[in-house]
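Structure, as structure tokens:
The values are calculated or read from the model by the stated rules, or taken from the named source; none is laboratory data. What you are looking at is a predicted structure, and each value in this text was computed from that prediction instead of being measured. Using ideal geometry, Cβ is built from the backbone for each residue, glycine included, and neighbour counts are taken over all protein chains shown.
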2 protein chains.
Amino acid sequence: MKKQTKPKHLGLIVGGGELPQQVAKLARQAGMMVYPVNLSGFAKTKSELSNGPWRSIGQIGGILEDLKDADVSQICFAGIVDRPNFSTLQLDEIGRQEMPRISTAAQQGDDALMRAVLSVFENAGFDIIGPDEIAASLLAPAGQLGTIEPNQQQIADMNKAAQIAKAVGQLDIGQGAIVCRGVVLAVEAQEGTDAMLRRCASLPKSMRGTRKEPAGVLVKTPKPGQEMRIDLPTIGVETVQRASEAGLAGIGFVTGQTFLLERKAMLAQADRLGLFLFGLNLQEIE
Amino acid sequence: MKKQTKPKHLGLIVGGGELPQQVAKLARQAGMMVYPVNLSGFAKTKSELSNGPWRSIGQIGGILEDLKDADVSQICFAGIVDRPNFSTLQLDEIGRQEMPRISTAAQQGDDALMRAVLSVFENAGFDIIGPDEIAASLLAPAGQLGTIEPNQQQIADMNKAAQIAKAVGQLDIGQGAIVCRGVVLAVEAQEGTDAMLRRCASLPKSMRGTRKEPAGVLVKTPKPGQEMRIDLPTIGVETVQRASEAGLAGIGFVTGQTFLLERKAMLAQADRLGLFLFGLNLQEIE
């Protein structure tokens, strides 16, 4: 008779984008039972996770109940969640209790906000694991991916963009920067990477590259010391598409601390559009 | 018989915007003769300066000749000039000689670029004076201007935005930042202040203020150690208009190191739209 091991149970708090689905898939492959709680306004309305319960982010008590009902001890946050408007959140009772502390922490920046949110779940007895622990296979490897090789100018731009991204990360501003021929074209704050790439595309052509003559590099880095369990940078097909539209020559990211979603499609897209993709070591940036 | 003092001659290199006209006016009021050289593509095509010679920015030899013909010893750069595309500049002979050094310096950032440009004129024997020396009356005073007073949250946001603007200035990225309720909404790089304000206006309302409930502050600072003779921040009616459209509560700027153009109209506009205007001391920021 085969020995039956009780599968581990994982509570998955589902935000926007493709990452939660990927995490769920990999968790199941690792033998875990996945219990999703979908965040209204962020989680995809149609996915294999969407038949789990739905909660607004002010319903902290409801989310805790869902997780307890599912009898999970480990939970994982995955996917995009924008900063809420604290004054219009629909709160349940636990939400009302916890929100003053969370919104005060939010004034210190994104990272303090995330730590405050996580502490609510830790205080309720849950272990929080990062999506990177479950989905390690999605993390970016080191060095050149794809077939396009950066030239000397592009390597110099990538190194400078990495320094800038790290420095603005230290100020808890954001995770990305674009440098073209030595000049900082854009720095990411609350608008996000896509909006930063769009505005880069709208700069005068004298400042930036073009599809025909690409120049400049986007680099994303996690903020140094940031809460890794909730907010690692992600790069996907759309990032490559938009970088190409902005005339960039390539994208740099931090080895082991960046999720590459749909990696195969992303590599094919980068090769087709002539962009390089490169994994940097955060320690070596400076 | 009245003693005749020979008036001083000032060569004025005219870029975009309203500042050059203001500088010319104040220089004449101070008894100087003004000889403008208009930069094609930047200087206003119709202004009281536009009957002076026109030069493209690659015609360095031509600009030097114009200045020598005018028999000036002091020159002043005023107005907006964007970074050029060095590969498509139309160069005259001196331009061809000087451009390799300038475009190499440009890779170090905006400030190195400006120093390299100024050194060409210094080496040709000209004294360069900053527009702030002529137009000191346009420089921002300290403290609250206008009738709107910032509240405690807005003062905290202004102080944080000032710290961020100073820090990103130290990295030679840009001159401005927007903070709203403790969160860095936007950081300025090559896109300029207007574009930064526009993208702030397009952020979700949950993150920012609105005309009805304004929140958040734009602060502009010169980059610490930057070349003051060519690139001080300027604020005018349009800045106030765009800041209001972005839902901001006010604008902070550095006392004595910011040009306030059309001050009267700007103050009236700020009062009407309910924005505060505040002069900060750069030394006290941190």
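Couple of notes before you dig in:
- Condition met for B:Ala189 (at pLDDT 90 or above, assigned to a helix (DSSP H, G or I) and either away from every other protein chain (no Cβ under 12 Å) or surrounded by 16 or more Cβ atoms within 10 Å (Cβ to Cβ) (or both)): no
- Number of positions in the range B:161-178 that are assigned to a helix (DSSP H, G or I) and either within 9 Å of chain A (Cβ to nearest Cβ) or touching a Pro at 6+ places or on another chain (Cβ under 9 Å) (or both): 7
- Just one of the listed residues (A:Ile94, A:Ile102, A:Ile57, A:Ile80) is in contact with a helix residue (DSSP H, G or I) (Cβ under 9 Å, 6 or more places away or on another chain), at pLDDT below 95 and farther than 24 Å from A:Met228 by Cβ, namely A:Ile94.
- Residue within the range A:24-38 that is under 30 Å from B:Ala215 (Cα atoms) and either within 14 Å of chain B (Cβ to nearest Cβ) or part of a helix (DSSP H, G or I) (or both) present: no
- Failed criterion for A:Glu149 (all others in (1) in contact (Cβ under 8 Å) with a residue 40 or more places away in the chain; (2) more than 30 Å from B:Gln108 (Cα to Cα); (3) not polar (S, T, N, Q) hold): (2)
- Condition check for B:Ile230: among the β-branched types (Val, Ile, Thr), in contact with a strand residue (DSSP E or B) (Cβ under 6 Å, 6 or more places away or on another chain) and touching a residue at least 40 places away in the same chain (Cβ under 8 Å): yes
- Any hit, the range A:213-223, residues being outside the structural domain of A:Met114 (by TED's automatic domain parsing), in contact with a Lys or Arg (Cβ under 8 Å, 6 or more places away or on another chain), closer than 25 Å to A:Val81 by Cβ and surrounded by fewer than 23 Cβ atoms within 10 Å (Cβ to Cβ): no
- The helices (runs of 4 or more DSSP H) found entirely in the range B:46-123 that carry 3 or more residues being in contact with a Pro (Cβ under 9 Å, 6 or more places away or on another chain) and closer than 29 Å to B:Ala135 by Cα are B:60-69.
Listed here are the residues, each with its yes/no results for (1) among the small types (Gly, Ala, Ser); (2) assigned by TED's automatic domain parsing to the domain that holds A:Asp110; (3) surrounded by fewer than 22 Cβ atoms within 10 Å (Cβ to Cβ).
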| residue | (1), (2), (3) |
| --- | --- |
| A:Leu232 | no, no, no |
| A:Val237 | no, no, yes |
| A:Gln241 | no, no, yes |
| A:Glu245 | no, no, yes |
| A:Phe253 | no, no, no |
| A:Thr258 | no, no, no |
| A:Ala270 | yes, no, no |
